[in-house]
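The values are calculated or read from the model by the stated rules, or taken from the named source; none is laboratory data. None of these values were measured; they are calculated from a predicted model. Here Cβ is always computed from backbone atoms with ideal geometry, including for glycine, and neighbour counts include all displayed protein chains.
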Amino acid sequence: MDIKFYYTPMTSAARVHWALEELGIPYEKVKLDLAAGDQRKPEFLALNPNGKVPLLVAEGRPIFEGLAILLYLGERFGVDKGLFPPPNPERAEAFQWLAWGNVTMGEALQRFLRNTLDRFPEDERNPKAAETAKKDIAAQFVILNDALEGKEYLVGNTFTFADIGIAAAIPFMRRFGIDTSAFANVNAWVDRCTARPAFARIMQG
C-alpha cells in the first residue's frame, strides 16, 4: 500500500497523523510550510484544490478533508487493528462522534478562532461573536462530558478513531484560550488518549 501524507504540525492534520501512527502502517510524510505558501503551490493544488492540510494520497488517489481521511483509514485498516468498529451500530456511533467533532464542535471553534486570532484582519474580528462562540463551545463540552460519564472512551469503551477525531483538537483549543477545567470527564479522557505512545510520536513533528 502506497500512502503519502501531507501535513503541517499543530494543525487539524494532527488527527490524521495520530491515526496513521496508531495503525502502524507504512506511509511517507510530506511536511508543508504554510507560512511559506507550500499549500498554494500548483503541484499541491493539483492534488487538493482547497489548498489545505491534511491530504492523503492512497494508491495514487488523493483524499482531502480530515474527516473523509479518517473514515477511509478506519474502514480500510482500522477494523483489523481494533481501532474502528465493524459494520454495526457501534460504527454508526463512531460516525456520529466524528461528524460531531468536525461539524458541530468544529463550527463553533472556527467562529471563535476567526474572531480572536491575529491571522484574521482586526476589522473582521468581533469580540461579541467570539464570546458567543466560546459559550457554544462550552455547551458542546457539556454534551461530551455527559457522554463520557462512567466510560473510558466514546464508543464501545475501547479507544477508536472516534476518540482521535475529537481528542486531537482539545490540546489545540486549550492553547487558544478555551478553558476545559469544569469538565472532569473530558479532561480525564483527554489525558488517557494523549498518554498513548502514538500521540507522543506525532508531537515530535
**Report entry** Flag for L83 being part of a helix (DSSP H, G or I) and not acidic (D, E)
**Finding:** no
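Select, from G74, G60, G82, the only residue that is over 23 Å from L144 (Cα atoms) and either touching a residue at least 24 places away in the same chain (Cβ under 8 Å) or within 13 Å of the chain's Cα centre (by Cα) (or both).
On the way: G74 fails: over 23 Å from L144 (Cα atoms); G82 fails: over 23 Å from L144 (Cα atoms).
That would be G60, the only listed residue that is over 23 Å from L144 (Cα atoms) and either touching a residue at least 24 places away in the same chain (Cβ under 8 Å) or within 13 Å of the chain's Cα centre (by Cα) (or both).
Which one of these is under 27 Å from D136 (Cα atoms), without any contact (Cβ under 8 Å) to a residue 24 or more places away in the chain and touching a Leu at 6+ places or on another chain (Cβ under 9 Å): V16, V103, V53? Show your work before the answer.
Numbers: V16 fails: without any contact (Cβ under 8 Å) to a residue 24 or more places away in the chain; V53 fails: without any contact (Cβ under 8 Å) to a residue 24 or more places away in the chain.
It is V103.
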Requested in this report: Tell me, yes or no, whether the range 118-134 has at least one residue that is of a type in the set (S, T, N, Q) and touching a residue at least 40 places away in the same chain (Cβ under 8 Å).
Outcome: no
Report task. Output the residues belonging to the range 21-46 that are surrounded by fewer than 16 Cβ atoms within 10 Å (Cβ to Cβ) and either part of a loop (DSSP other than H, G, I, E, B) or in contact with a helix residue (DSSP H, G or I) (Cβ under 6 Å, 6 or more places away or on another chain) (or both). Result -> G24, I25, P26, D33, L34, A35, A36, G37, K41, A46
Query raised in the report: If we only count helices (runs of 4 or more DSSP H) wholly inside the range 164-205, which ones have 3 or more residues that are among the β-branched types (V, I, T), touching a residue at least 12 places away in the same chain (Cβ under 8 Å) and surrounded by 12 or more Cβ atoms within 10 Å (Cβ to Cβ)?
Result: 184-194
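From the set of residues in the range 1-20 that are touching an Asp or Glu at 6+ places or on another chain (Cβ under 8 Å) and assigned to a strand (DSSP E or B), which is nearest to A169 (Cα to Cα)? Let's see the steps before the verdict.
Kept after step one, since they are touching an Asp or Glu at 6+ places or on another chain (Cβ under 8 Å), are these residues of the range 1-20: 1-5, 8.
Pick out the ones that are also assigned to a strand (DSSP E or B) and you get 3-5.
Details: I3: 24, K4: 22, F5: 19 Å.
By that ranking, first place goes to F5.
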Requested in this report: State whether the residues of the range 142-155 include one that is free of Cβ contacts under 8 Å to residues at least 60 places away in the same chain, part of a loop (DSSP other than H, G, I, E, B) and of a type in the set (D, E).
Outcome: yes
Query raised in the report: Across the range 163-205, which residue is farthest from E149 (Cα to Cα) among those that are of a type in the set (D, E, K, R) and modelled with pLDDT of 95 or more?
Result: R201
Query - Test: A94 is surrounded by 17 or more Cβ atoms within 10 Å (Cβ to Cβ), touching a residue at least 24 places away in the same chain (Cβ under 8 Å) and closer than 20 Å to T194 by Cβ - result: yes
**Report entry** Candidate set from the range 21-57 (those that are of a type in the set (G, A, S) and more than 22 Å from V79 (Cα to Cα)); member that is nearest to the chain's Cα centre (by Cα)
**Finding:** G51
Report task. Provide a single number: the residues in the range 115-140 that are within 14 Å of G177 (Cβ to Cβ) and assigned to a helix (DSSP H, G or I). Result -> 8
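Can you tell which of V142, V103 is over 13 Å from V186 (Cα atoms) and of a type in the set (A, V, I, L, M)?
Details: V142 fails: over 13 Å from V186 (Cα atoms).
Checking each option against the conditions leaves just V103.
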